[in-house]
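Asks: Below are the structure tokens for one structure; questions will follow.
Every read-out reported here was derived from the displayed coordinates using simple, explicitly stated rules and does not represent laboratory data. These numbers come from a predicted model, not from an experiment. For neighbour counting, all protein chains shown are included, and Cβ atoms are generated from backbone atoms with ideal geometry for every residue, glycine included.
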Amino acid sequence: MYDKRYTPRIVVDIGGRPAGEIARLAELMRDARSVVALTGAGISVPSGIPDFRTPGTGLWEKVDPMEVAHIDAFRRDPVRFWSFYGQRFATLEDKEPNGAHRALAAMEQRGLLDAVITQNVDMLHRRAGTHELVEVHGSIASCSCQSCRAIVALEEVGSRLERAADGVPRCAECAQPLKPDVVLFGEMLDEHTLERARELCRRADVLLCIGSSLEVHPVAGLPLITHAAGGELAILTQGPTPLDELAGVRLHGDVVTELDALLGALEADERRTAASGSAQAGI
Ligand code: ZN
């Protein structure tokens, strides 16, 4: 449901400039000292990873994620927990980054984006090449032993999972069940990671909020930090968010299409700047 007050601005395309909100966002980013992206499940949907908050999708169809992916479920019944989470690992393992992940990595490489803060645990930003990455909900990259704190990388977890008679990957030292290094329901977010995210948002002149419904705290509070510090919010999601009214730029389209268009607009700006620079230099 779109906000009725939202009326896309139609800008006549003069001199190859992309029209409307994308052009405005590119301009904001060009003038900003610091741009940060905050991403949620929506950015990974084009990679074939359903958002579990959308009912009736894939793995989450028959189970309540709040129940099976809860820290109490892990502690109480690791066999049952891993019978579910093993499938989750398997479905995430073969997924590839999409154009939206790649566009953000390209922006960082060009010095147009300082960091990506993500709610996703799927490793797709890393695999797309993003370096400054804050994974506030952890990631499936590793599991750890809750007893001796040993850390086991994803690939090794996979082979222990396959070998385990009861389907539970265990610590090689103390035989305790390994826990995925993701924030399960009922667990607190890592305070150090969250503080890093807050600091990036405090410094950001522009915060790109992409594919997140901005409803789950404490992550939903991050854009408010940017806004309170005088930064601009650009929100790119298909559904409404509680922060739409605060957004300087609001995009409703497909994440891959919109970020491709944004990258294109930024690159066109760079080419124009380079061209006018060399004209002034007389070369
Ligand atoms: Zn251990």
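Asks: Please give the residues of region 236-254, grouped as numeric ranges, whose backbone N is less than 15 Å from a label point set 7 Å along the Cα-to-Cβ vector of residue 27.
Replies: Within reach of a label on residue 27: 248-250.
Asks: Under unit Cβ charges (Lys, Arg +1; Asp, Glu -1), what dipole magnitude, rounded to 20 debye, does the chain have relative to its Cα centre? Before the final figure, lay out the partial values.
Replies: On the way: 30 positive and 41 negative charges, 34 e Å.
Dipole size: approximately 160 debye.
Asks: If you average the sequence gap of Cα pairs under 8 Å that are 6 or more apart and divide by the length of region 159-254, what percent do you get for the contact order?
Replies: It comes to 19 percent, rounded to a whole number.
Asks: How high is the relative contact order of region 19-154? Use alpha-carbon pairs under 8 Å, at least six apart in sequence, and give a whole percent.
Replies: Working: 150 pairs, mean separation 32.6, N = 136.
Relative CO of region 19-154 lands at 24 percent.
Asks: I need to check one value: relative contact order of the chain, counting alpha carbon pairs closer than 8 Å and at least 6 residues apart, in percent.
Replies: On the way: 446 pairs, mean separation 64.5, N = 283.
Computed over the chain, the figure is 23 percent.
Asks: Measuring from label point to label point, each 7 Å out along Cα→Cβ, what is the residue 246 to residue 64 span in nm?
Replies: Between residue 246 and residue 64, the simple spin-label model gives 3.1 nm.
Asks: When the gyration tensor of region 82-220 is built from Cα positions, what are the square roots of 5 times its three eigenvalues, in whole Å, from largest to smallest?
Replies: 30, 17, 13
Asks: Then there is this: What distance in nm separates the simple spin-label points at residue 203 and residue 216, each placed 7 Å from Cα in the Cβ direction?
Replies: Output for this residue pair reads 2.7 nm.
Asks: To continue, here is another question. Starting from the 7 Å offset along Cα-to-Cβ, what nm value, one decimal, do you get for the label separation of residue 80 and residue 267?
Replies: Going by the 7 Å Cα→Cβ label model, 5.1 nm.
Asks: So which DSSP H runs in the chain come out at 27 Å plus along the axis (Cα) with average Kyte-Doolittle of at least 0.5?
Replies: Qualifying helices: none.
Asks: Can you figure out the FRET efficiency of residue 91 with residue 274, using R₀ = 41 Å and their beta-carbon distance, to the nearest 0.05?
Replies: Rounded to the nearest 0.05, the efficiency is 0.40.
Asks: Place +1 on the Cβ of every Lys and Arg and -1 on the Cβ of every Asp and Glu in the chain, take the dipole about the Cα centre, and give the residue among 262, 175, 98 whose Cα lies farthest towards its positive end.
Replies: 262
Asks: Identify the residues of region 85-117 with backbone N under 17 Å of a label point that sits 7 angstrom from the Cα of residue 190 along the Cα-to-Cβ direction, or state none.
Replies: From region 85-117, the list is 116-117.
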